[in-house]
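Colleague: Just passing along the structure, written as structure tokens.
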Amino acid sequence: MRAAVAIAQNLQDPLSCLQVKDVPDPDQQLGWTTVQVKASSLNMHDLWTLRGVGHDPKNIPIILGCDVAGVTEDGREVVVYPVIADPDAGFGDETLDPNRNLLSESHDGGFAEYISVPARCVLDKPAHLSFEEAACLPVAWSTAYRMLFTQGQVQAGDRVLVQGASGGVASAAIQLASAAGARVYATSRTAEKRELALSLGASEAFESGARLPERVDVVIETVGEATWAHSLRCLRPGGAIVIAGTTSGTSPEADLGRIFYNQLRVLGSTGSTRTEFARMLRVVEQMKLRPTIDRVLPLEQIHEGFAAMEKGESAGKIVIKL
């Protein structure tokens, strides 16, 4: 089968380490199932793997792709829960299993014609979505769901700030929070991406760092260093900032005085449990939500997609159609 494989790692030139080539079909394992991949979307996680950041080099070569939508051998249209983990090892929460792995970390991912995954990871695709749309859901939408509703405890009427509105997690958070009845503010550096945030359900969109009309209950933070100070300033006393990414850097000035004086809560969030993933899929289906797709490319043009992601030239998810 054809697949996009990380064959090496290079911090300065990550795309030189990505090769589309023929590889063997996946092995069959007891308790696992094979999915014919119809679509798989790009994530920053893939670029970090190619750069050699946070990915054990002993697992190279490996097929990239964390997000999968496809068809099982018995004809089910499915999306794949992307976390390979043992809930019992995490006290009932897969994300706390110290040996958890995301697809493409130690198990081959979805940029291939076929993928093999544990049977528990296969869930029915929302019927109103195309395979390309469904392939946008697994990592970004389940991460946003956990950030908002498990960690952030967002409820109808709450005020939520989403930083960096065009990213996959951020755009999902705008749609999910808005669907839950929250008032959503969003920030972005460009007018085009602020317009996108409004189209997704944000009440208002602002330039990065701009003063908001009011303080918010929860901040959804995936940018990190560049927006950290603004996120803290925008929180009401007792509010919460939920962090699931640091694309601009990991070491901002902490501003501990503001945190303790205003009794702010700083909460980390990683991925989702299978239960949260299933609930997210139900919300998407019941509310008829649709992920935003920037472009759909064939597997042979995957380098083009990663180049656009690396340069920040996408507004929405970039999807590979198999």
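Please treat every number below as a calculation from the coordinates, not as lab data. Predicted model, so just to flag it, every value in this text is computed and none were measured. Virtual Cβ from ideal backbone geometry, glycine too; neighbours counted across all protein chains shown.
Colleague: Which value, in Å to one decimal place, does the Kirkwood hydrodynamic radius take for region 109-169 when every pair of different Cα atoms is included? Spell out each step's value before the answer.
Modeller: Values: mean 1/r = 0.0707 Å⁻¹.
Kirkwood radius, region 109-169: 14.1 Å.
Colleague: Report the net charge of residues surrounding Gly157, where surrounding means a beta-carbon distance below 14 angstrom and charges are Lys +1, Arg +1, Asp -1, Glu -1. Intermediate results must be reported in sequence, preceding the final value.
Modeller: Numbers: positive: Arg159, Arg183, Arg236; negative: Asp158, Glu214, Asp217.
Result for the neighbourhood of Gly157: 0.
Colleague: Return the equivalent ellipsoid semi-axes of region 56-193 as a descending list in whole Å, where each equals the square root of 5 times an eigenvalue of the C-alpha gyration tensor. Display every interim value, and only then the final one.
Modeller: Details: eigenvalues 157, 67, 54 Å².
After scaling each eigenvalue by five and taking roots: 28, 18, 16 Å.
Colleague: Specify the residue with the greatest mean-square fluctuation among Glu214, Glu204, Glu300, computed from a Gaussian network of the chain linking alpha-carbon atoms under 10 Å apart.
Modeller: Glu214
Colleague: Sort 73-81, 227-235 by the packing proxy (mean of other Cβ within 10 Å over each peptide's residues), most packed first.
Modeller: 227-235, 73-81
Colleague: Over the residues of the chain, compute the C-alpha Rg and express it relative to 2.2 N^0.38 Å. Don't skip to the end; give the middle numbers.
Modeller: Details: Rg = 19.0 Å, N = 322, 2.2 N^0.38 = 19.7 Å.
Scaled against compact globular proteins, the figure is 0.96.
Colleague: How would Asp25, Asp294 line up from fewest to most surrounding beta-carbon atoms within 10 angstrom? Please list the in-between numbers first.
Modeller: Details: Asp25 12, Asp294 21.
Ranking Asp25, Asp294 by Cβ neighbours within 10 Å, fewest first, gives Asp25, Asp294.
Colleague: Further question: Evaluated at 25 °C with a viscosity of 0.890 mPa s, what Stokes-Einstein diffusion coefficient in µm²/s does region 256-322 have when Rh comes from the Kirkwood expression over alpha-carbon pairs? Each step should come with its number before you reach the end.
Modeller: On the way: Rh = 15.6 Å.
Stokes-Einstein gives a translational diffusion coefficient of 157 µm²/s.
Colleague: Please compute the Kirkwood hydrodynamic radius of region 36-134 from all pairs of different C-alpha atoms, in Å with one decimal.
Modeller: Details: mean 1/r = 0.0710 Å⁻¹.
Hydrodynamic radius (Kirkwood, Cα pairs) of region 36-134 is 14.1 Å.
Colleague: Which log10 I(q)/I(0) values does region 30-75 give at q = 0.13, 0.16, 0.18 Å⁻¹ under the Debye formula, counting every alpha carbon as one identical point scatterer?
Modeller: Values returned for q = 0.13, 0.16, 0.18 Å⁻¹ are -0.41, -0.58, -0.68.
Colleague: Tally Lys and Arg at +1 and Asp and Glu at -1 over the other residues with C-beta under 10 Å from the C-beta of Glu204: what net charge comes out? List each step's numbers first, then the result.
Modeller: Working: positive: Arg183, Arg194; negative: none.
Summing Lys/Arg as +1 and Asp/Glu as -1 gives +2.
Colleague: Same structure again: Would you pull out the residues with amide H under 5 Å of Thr33's amide H, same chain only if 5 or more places away, H placed 1.01 Å from N?
Modeller: Placed amide hydrogens put Val117, Ala119 under 5 Å from Thr33.
Colleague: Of all alpha-carbon pairs in region 181-322, indicate the percentage at a distance above 24 angstrom.
Modeller: 43 percent
Colleague: In which sequence would Ser248, Ser40, Ser199, Ser178 go, from the one with the fewest C-beta neighbours within 10 Å to the one with the most? Before the final figure, lay out each step's value.
Modeller: Numbers: Ser248 15, Ser40 35, Ser199 12, Ser178 19.
So the residues, fewest neighbours to most, are Ser199, Ser248, Ser178, Ser40.
Colleague: Using a 10 Å cut-off around each Cβ, can you sort Ser104, Ser16 from fewest to most neighbouring Cβ atoms?
Modeller: Details: Ser104 26, Ser16 12.
In order of increasing Cβ crowding within 10 Å: Ser16, Ser104.
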